[in-house]
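To start, the structure itself, in C-alpha cells.
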Amino acid sequence: MQEQEPIPAGAILDKWSEDPWTNGVQVDRMEDMEKLVVQTRNSLYEITVIDGRSGEILVRGGQFFPELTRARLAGATLGGSFCKMRGIYAGFRMEFNANGERTVTTPVESIGVVVQL
C-alpha cells in the first residue's frame, strides 16, 4: 500500500472557513501608502499599499521583482484553488499579478508593518 502525504489543515475547506486568520494582515484593511516587509522562505519583499481595497500595491523583492513594480495582490494561497483574498499570512504563499503574469512566492515566514515617523 502506498503511503499518503498529509494534507495541510489550511487545505481543508472547513478549516479554511473557520480559521480566525490572526497570523497575518489584510491589505484591504490597511491605509494607502502603508508599508510592509514580508520574509518568505527564499526572499524578502517590500510592499507599499496603493489601494488596499483593490489589492493594488508596489512590490520589490525576490527574483521576479528586483525593482519596485506595480502589482495586484490576489492574496494568500497554499498553491491550490483556495485564496484568502487580499491577505498575507504566515505559512501561506503570496500570489501577485503583475505585467500580465501570475507570481506565487514561497511560504511566508514573517510579516512586519513599517512604522513611518
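The values are calculated or read from the model by the stated rules, or taken from the named source; none is laboratory data. Please read these numbers as outputs of a predicted model, since none were measured by experiment. Backbone-built Cβ (ideal geometry, glycine too); neighbour counts: all protein chains shown. Note: areas computed on protein heavy atoms with side chains; ligands, DNA, RNA excluded. Shrake-Rupley method; radii C 1.70, N 1.55, O 1.52, S 1.80 Å.
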Give the residue that is nearest to VAL27 (Cα to Cα), with candidates limited to residues of region 57-113 that are touching a strand residue (DSSP E or B) at 6+ places or on another chain (Cβ under 9 Å) and hydroxyl-bearing (Ser, Thr, Tyr). TYR89
Yes/no for THR69 being buried (at least 18 other Cβ atoms within 10 Å of the Cβ), assigned to a strand (DSSP E or B), of a type in the set (S, T, N, Q) and over 10 Å from the mean Cα position of the chain (by Cα): no
Considering residues of region 72-81 that are touching a Gly at 6+ places or on another chain (Cβ under 6 Å) and open to solvent by 10 Å² or more (accessible area, probe 1.4 Å) only, the residue nearest to ASN23 (Cα to Cα): LEU78
Within region 23-34, residues at negative phi and either assigned to a loop (DSSP other than H, G, I, E, B) or over 13 Å from the mean Cα position of the chain (by Cα) (or both) come out as ASN23, ARG29, MET30, GLU31, ASP32, GLU34
Total residues in region 73-90, condition in a strand (DSSP E or B), touching a Phe, Trp or Tyr at 6+ places or on another chain (Cβ under 8 Å) and in contact (Cβ under 8 Å) with a residue 60 or more places away in the chain: 3
Name the one entry in LEU58, LEU44, LEU68 that is at pLDDT 95 or above and in contact with a Gly (Cβ under 7 Å, 6 or more places away or on another chain). LEU44
Test: ARG93 is at pLDDT 95 or above, of a type in the set (D, E, K, R) and surrounded by 13 or more Cβ atoms within 10 Å (Cβ to Cβ): yes
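Can you tell which of ARG93, ARG70, ARG53 is among the basic types (Lys, Arg) and either in contact with a Ser or Thr (Cβ under 9 Å, 6 or more places away or on another chain) or touching a residue at least 40 places away in the same chain (Cβ under 8 Å) (or both)?
Result: ARG93 is the single residue among ARG93, ARG70, ARG53 that is among the basic types (Lys, Arg) and either in contact with a Ser or Thr (Cβ under 9 Å, 6 or more places away or on another chain) or touching a residue at least 40 places away in the same chain (Cβ under 8 Å) (or both).
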Go through region 35-61 and give me each residue that's of a type outside the set (Ser, Thr, Tyr), surrounded by fewer than 18 Cβ atoms within 10 Å (Cβ to Cβ) and not in a strand (DSSP E or B). ARG41, ASN42, ARG53
